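Bear in mind that the values in this text are calculations on the coordinates, not laboratory data. A quick note: this is a predicted structure, and the numbers were derived from the prediction, not measured. Here the Cβ is made from the backbone with ideal geometry for all residues, glycine too, and neighbour counts use every protein chain on show.
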Amino acid sequence: MLILASASPRRRELLTQAGFAFSVQPADVMEDPRPNEDPIAYVTRLAREKAQAVYAQAGGAGVQVLGADTTVTLDNHLLGKPENAQDAARMLRVLSGRTHRVVTGVALVTAERTQVAAEVTAVEFLTLSNQEIERYIATGEPMDKAGAYGIQGYAARWIPRIHGCYFNVVGLPISLVATLIEAGSQ
């Protein structure tokens, strides 16, 4: 039995589209980065902590718990979910006209082991005008997303190319997850 330790509707959609049967039990862990924590270390730590917390509550024989966490990073600075519209505008201005990285950590906890991995995708952004940023923020879409944008929505118009896994940018690198789940089932 697979349990997704995340409240993310995008992760639920991606797992469902990929044909996985699962239940959802969000984890409650502190998501503050540690001082000088590398982006990959940060997201893999959070993914592991989320999966372990849910496994401690619901685990047992045959149970697999999947944890995940995604961040956007530019010049090794983390851009998490915006706190408000002004923070979203700040993030979008920083990303404008530049290439950044989206990093997702995933962890799969079973009775036998804990597997942890990360996926990194480079995302190129066009240069955005202040009016474009204001219109986008007015849609509400950026408010619950790392880096203040969703590649699968309105912001797709500003992303001419990516290098890496598209699904990683949405929030869950499905191929990597499938590999972990299949390895965890053996």
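Excluding GLN115 itself, what net charge comes from residues whose Cβ is under 13 Å from its Cβ, given Lys and Arg +1 and Asp and Glu -1?
That works out to 0.
Just one of [x] 15.7, 48; [y] 16.5, 54; [z] 20.9, 64 is Rg and Dmax of the Cα atoms in Å as worked out from the coordinates here. Which one is it?
Recomputing Rg and Dmax of the Cα atoms in Å here picks out [y].
Hey, quick one: spin label on GLU112, modelled 7 Å out along Cα-Cβ, who in the range 36-61 has an amide N within reach, i.e. under 16 Å?
60-61
Mind checking the dipole of the chain: about its Cα centre, +1 per Lys or Arg Cβ, -1 per Asp or Glu Cβ, Debye to the nearest 20? Show your work: numbers first, answer last.
Values: 17 positive and 19 negative charges, 55 e Å.
In total the dipole reaches around 260 debye.
Quick check on packing: order 80-90, 48-58, 25-35 by the mean number of other C-beta atoms within 10 Å, highest mean leading.
Result, highest mean Cβ count within 10 Å first: 48-58, 80-90, 25-35.
Please give the FRET efficiency for ASP38 paired with HIS163, using the beta carbon to beta carbon distance and R0 = 22 Å, rounded to the nearest 0.05. Before the final figure, lay out each step's value.
Working: r = 20 Å, r/R0 = 0.91.
For R0 = 22 Å, the calculated efficiency reads 0.65.
Label points 7 Å out from Cα along the Cβ direction at MET143 and GLN131: separation in nm?
The answer from the label model is 2.5 nm.
Count charges around VAL177 for me, please; just the other residues with Cβ under 11 Å from its Cβ, Lys/Arg as +1, Asp/Glu as -1.
Summing Lys and Arg as +1 and Asp and Glu as -1 gives -1.
What number, in percent, do you get for the relative contact order of the chain if the mean sequence gap of Cα pairs under 8 Å and at least 6 apart is divided by its residue count?
On the way: 385 pairs, mean separation 41.2, N = 186.
Relative contact order for the chain comes out at 22 percent.
Using amide H atoms built 1.01 Å from N in the peptide plane, name the residues 5+ places from LEU4, or on other chains, whose amide H lies under 5 Å from its own.
Answer set, sorted by chain and number: SER23, VAL24, GLN25, LEU66.
Add -39500 (n - 2.57) for each DSSP H run of 4 or more in the chain, then divide by its residues: what number comes out at 222 nm, to the nearest 500 deg cm²/dmol? Mind showing how you got there, number by number?
On the way: 6 runs with 66 residues, N = 186.
Value at 222 nm, helices only: -10500 deg cm²/dmol.
Apply the Karplus parameterisation 6.51 cos²θ - 1.76 cosθ + 1.60, with θ equal to phi minus 60°, to every residue of the range 25-40 and state each ³J(HN,Hα) to the nearest whole Hz, in sequence, with x for glycine and proline.
Karplus values, whole Hz, x for Gly and Pro: 9, x, 8, 10, 10, 5, 10, 6, x, 7, x, 6, 6, 4, x, 5.
Residue by residue through the range 131-144, what is 3J(HN,Hα) from phi via Karplus (6.51 cos²θ - 1.76 cosθ + 1.60, θ = phi - 60°)? Round to whole Hz and write x for glycine and proline.
Result, rounded to whole Hz: 5, 4, 4, 4, 4, 5, 4, 4, 6, x, 4, x, 6, 10.
Per residue of the range 172-181, in order, report the coupling 6.51 cos²θ - 1.76 cosθ + 1.60 (Karplus, θ = phi - 60°) as ³J(HN,Hα) in whole Hz, putting x for Gly and Pro.
7, x, 4, 4, 4, 4, 4, 4, 5, 5
Once the dipole of the range 17-137 is set up with Lys and Arg at +1 and Asp and Glu at -1 on Cβ about the Cα centre, which of THR71, THR121, ASN36 lies farthest towards its positive end?
THR121
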